[in-house]
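What follows is calculated from the coordinates using simple rules that are stated; it is not laboratory data. Keep in mind the model is a prediction, meaning the values are calculated, not measured. All Cβ positions, glycine included, derive from the backbone under ideal geometry; neighbour counts span all protein chains shown.
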Amino acid sequence: MNALSRRSVLKGMGATVALPFLEAMVPVRRATGAAPAPAPRRLVCIEMVHGSAGSSAIGVKKHLWAPAAIGRDFDLAPTSLRSLEPFRDLLTIVSNTDVDPANPFTAKEIGGDHFRSSAVFLTQAHPKQTQDGDVQAGVSIDQLFAQRFGQDTAIPSMQLCIESVDQAGGCGNGYSCVYTDAISWAAPNRPLPMMRDPRVVFDNLFSVLKAGGTRAERAERLAEDRSILDWLLSSVARLQKTLSPADRSRLADYLEHVREIERRIQIVEARNRSGELRELPAAPAGVPDSFSEHVKLMFDLQALAFASDVTRVFAFKLGRDASNRSYPESGFKGTFHETSHHSGREDKILNFATLNTFHVGLIPYFLEKLNNTPEGDGSVLDNTVLIYGSPMGDSNLHNHKRVPFFIAGRGAGALKGGLHLKAPNATPLANVMLGLLHTLGLEDLERFGDSEGAFELNAV
Amino acid sequence: MTKQLTTMMAVLALVGSISAQSKKAEGLTGTWNMGLQGGHVIPVALVLTQDGEALTGVVSMPTQKIGQTVDISLKGTYASAAFTLSGSVEGAKEPTTIEITGKLNEEGMLEGRVVMGGTSGPHGNMPYTAERLKERK
């Protein structure tokens, strides 16, 4: 029996859909007697702006971010990470690190923290203060990973965001809006644009325009509420005939998942085009007004991309500096920017902690999705590493000390997990990122950003 | 043992004192990251030059438009670890003055108050602390 290639796709007139992992792909290795291919490692980098309540002096004492205990016996209950308790064995929490490159280096840079920080989170490099095209930061961690491990997939990496990133020119304090809007940098002078609209992400994943479909055909599909799967019926039928019952079931589940996500996007688009008053009137039709609905849709798309191995790397920006969005689903109605400037008052710090808890509380949804996506003898989650953090610490002071950061996932056994590690004072977060890159297979990398050495992530 | 402990404490006290004196010896010349304590802490650049007891400098105050600042030239004096600086906003709709008072504390930080005033009365009176900007290679 001829084995199915991992790169096989379902092709229709206007779309290309990559396949999920199927047993039929395995015999290639068995027949040749070659050693099993190593599981693909994947990386997801999530940035939330404005630090955390747990980075303030009161927040540290109350353990609003970092747990009290170091090592394995940490208690997440008081922290904003409490929703991650079911995944505690996958967590490596690293506390007490600083992001010094986000600090002002000159008098003119003082006051520009909100306009500079996002460019620093994944690069750990100090951005050049400019409003013109000569922007300069560093290569981001997701891109270093993608340049090494993302070249075997159709899309080396993808960049997603939740808030509006459509502003051009200068944003404030002499900084280009690129620094506020982009977290992923392919080169020190090449920030990568972020995708906010789930429809755009979906179409990119399934090459809707590249696979012979024209804009007119796409418009027709949107107008008729048709599915890309309608274009693939004969291709699916042909493949089904060659598969085992188990693989047929896997393929059917996967395609149903594709359809379900597409249907949700269509519902959002229909709602937003209905003329009803929107909370986000300027947002594209595919963007849900609800923050959690938007984030979950983006997580579903990432899980789908991993399942079909279209890409192995995502950068995902959850917020935008100085945003006045509110999150009523969190149980607190105050606006984000104002709440993050808590004046050092305990009651306000606790309100900000409620928002932090809400944001982190969306992560288990994604981890669960990945855990339920089979790959080999395990799940996609087994081979994925997710980092979550912020380039700011105490947003009331606009400082970059004691920044919130954690890693979820073991990266195919590279990380032990189940650990809270407290770094010595003034440790650069870049050390942790360098340690992670080494752990994930980039051992030859000597420096990253302002790193002074690699932080050991498996120490107890 | 007690004698050793006493000696060690004396040495530590001496080191601490030298360190504080050294910070003071630097004077006020340099770039300071001021945190104005309004509703939240607003970062403001303060660049000072000290010549004996004479002080000159520039403070970059935020305007009502987010991300924009206005530079205000300052003149003042520094004596007995305390200082006063004053200036006025060029081109303001009405005459607007700024007065910064403060002292250099033991940690090498500035602390004091900023008072903005105009013909219609005071515009703001805020405490602040300021940290010297780290020297970079």
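Below are the figures for this structure:
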| item | result |
| --- | --- |
| Number of partner chain Cβ atoms within 10 Å, mean per residue of A:104-116 | 6 |
| Inter-chain Cβ neighbour average for residues A:151-157, partner chain, 10 Å | 0 |
| Relative exposure of A:C161, A:C177, judged by other C-beta atoms within 10 Å (fewest first) | A:C177, A:C161 |
| Cross-link pairs A:K317/B:K137; A:K11/A:K296; A:K62/A:K401; A:K108/B:K65; A:K401/B:K103; A:K348/A:K422 - those with Cα-Cα distance over 20 Å | A:K317/B:K137; A:K11/A:K296; A:K401/B:K103; A:K348/A:K422 |
| Computed E for A:Q147/A:V200 - FRET, C-beta separation, R0 35 angstrom, nearest 0.05 | 0.90 |
| Residues A:E368 and A:A187, FRET efficiency given R0 of 35 Å [Cβ-Cβ distance, rounded to 0.05] | 0.50 |
| Region A:345-427: trypsin sites (Lys or Arg not before Pro) in DSSP coil with no more than 13 other Cβ atoms inside 10 Å | A:R345 |
| Partner chain coverage, peptide B:33-42 - average Cβ within 10 angstrom | 5 |
| For a label point 7 Å along the Cα-to-beta-carbon line of B:R113, residues of region B:86-103 with backbone N under 17 Å | B:86-87, B:97-103 |
| Cβ-based exposure ranking for A:F121, A:F332, in which fewest neighbours within 10 Å come first | A:F332, A:F121 |
| Degrees between helix A:245-272 axis and first principal axis of chain A (Cα, 0 to 90, nearest 10) | 60 degrees |
| Share of Cα-Cα pairs in region A:102-191 lying beyond 15 Å, as whole percent | 57 percent |
| A:W65, B:W32 arranged by Cβ crowding within 10 Å, fewest neighbours leading | B:W32, A:W65 |
| Helix axis angle, A:233-242 relative to chain A longest principal axis, alpha carbon, degrees | 80 degrees |
| Rounded tilt (10° steps) of A:429-439 against the dominant C-alpha axis of chain A | 30 degrees |
| Relative contact order, percent, chain A [alpha-carbon distance under 8 Å, six or more residues apart] | 30 percent |
| Largest-first ellipsoid semi-axes for the protein assembly as shown, taking √(5λ) over the Cα gyration tensor eigenvalues, angstrom | 50, 29, 20 |
| Mean Cβ neighbour count within 10 Å, used as a protection proxy, ranking A:85-96, A:294-305 highest first | A:294-305, A:85-96 |
| Estimated FRET transfer efficiency (A:V26, A:I267; beta-carbon r; R0 45 Å; 0.05) | 0.75 |
| Under DSSP loop assignment and at most 16 Cβ neighbours within 10 Å, longest GluC sites (Glu not before Pro)-free interval of chain A | A:1-275 |
